[in-house]
Amino acid sequence: IKLYPSKFLRAKNEPVTVFDDNLKELSKEMFKIMYETVGCGLAAPQVGVNYRLMVYNEAGAPGEGKEVVLVNPKISKFSKQKDFFEEGCLSFPKIYAEVERPMGVKIEAQDVEGKKFKMTLEGFEARVFQHEYDHLDGVLFHDRMSSSVVGNIRSNLDKLIEDFSGEEKAI
């Protein structure tokens with residue numbers, strides 16, 4: 001997992017144009033890493049791959065919930081209702097804070113075969129999707145926090161920067 005302030009987390013993420021076994025293998029590997037690190041979502045830039053690909057399973061455990069792979073996702077509509085919820089991020093270990101997000105989204109995406117589809121997501125699933133979608137745009141969860149909330153976690157962010165040892169290769 002790429003940790004903040006890795007350059008991979010802010011880099012431009014290219015659309016996926018080749019739908020092959022490598023893409024399927026990457027998505028499987030991402031689920032494996034996500035489960036090993038006790039997450040419920042993971043975006044390709046978090047593993048050093050700057051493409052528009054994300055995986056999630058809101059249950060956060062293999063064999064439970066539903067594994068979702070989204071390639072080149074786009075948000076077509078946000079719900080007007082918003083709520084706050086404490087979020088964490090695998091790229092920001094042990095940092096949790098309140099983030100406001102729309103309670104629902106309508107999306108369009110492709111699967112690992114390149115087939116286009118649409119989904120309506122609500123509640124926690126919508127939140128997980130939006131968090132991972134932000135990664136595809138180089139937006140990190142503390143960018144969505146109020147200044148007072150960021151102030152509360154500032155020392156943790158500074159410690160991540162201080163402890164950052166540079167870049168290693170992607171998976």
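Filtered by the rule that a residue be hydrophobic (A, V, I, L, M, F, W, C) and without any contact (Cβ under 8 Å) to a residue 24 or more places away in the chain, region 113-149 gives Phe117, Met119, Leu121, Val139. Screening Lys106 against (1) touching a helix residue (DSSP H, G or I) at 6+ places or on another chain (Cβ under 6 Å); (2) without any contact (Cβ under 8 Å) to a residue 60 or more places away in the chain leaves a single unmet condition, (1).
State whether one or more residues within region 124-138 are at pLDDT 95 or above, touching a Phe, Trp or Tyr at 6+ places or on another chain (Cβ under 6 Å) and open to solvent by 50 Å² or more (accessible area, probe 1.4 Å). Looking for residues that are at pLDDT 95 or above, touching a Phe, Trp or Tyr at 6+ places or on another chain (Cβ under 6 Å) and open to solvent by 50 Å² or more (accessible area, probe 1.4 Å), one finds none in region 124-138, hence no. The set of residues in region 4-30 being open to solvent by 70 Å² or more (accessible area, probe 1.4 Å), part of a loop (DSSP other than H, G, I, E, B) and without any contact (Cβ under 8 Å) to a residue 12 or more places away in the chain consists of Thr17, Val18.
Of all residues assigned to region 95-109, at least one qualifies as being modelled with pLDDT of 95 or more, surrounded by 15 or more Cβ atoms within 10 Å (Cβ to Cβ) and under 21 Å from Lys7 (Cβ atoms). The residues listed here are Ser146, Ser76; of these, the one that is open to solvent by 70 Å² or more (accessible area, probe 1.4 Å) and more than 18 Å from Asn50 (Cα to Cα) is Ser76.
Inside region 98-146, residues that are over 25 Å from Ala11 (Cβ atoms) and touching a Pro at 6+ places or on another chain (Cβ under 8 Å) make up a count of 1. Against the list (1) open to solvent by less than 30 Å² (accessible area, probe 1.4 Å); (2) closer than 17 Å to Glu64 by Cα, the condition Thr37 fails is (1).
The values are calculated or read from the model by the stated rules, or taken from the named source; none is laboratory data. As the structure is a computational prediction, the values presented were derived from the model and not from experiment. Here Cβ is always computed from backbone atoms with ideal geometry, including for glycine, and neighbour counts include all displayed protein chains. Protein only, heavy atoms only, side chains kept; ligands, DNA and RNA dropped before computing areas. Shrake-Rupley method; radii C 1.70, N 1.55, O 1.52, S 1.80 Å.
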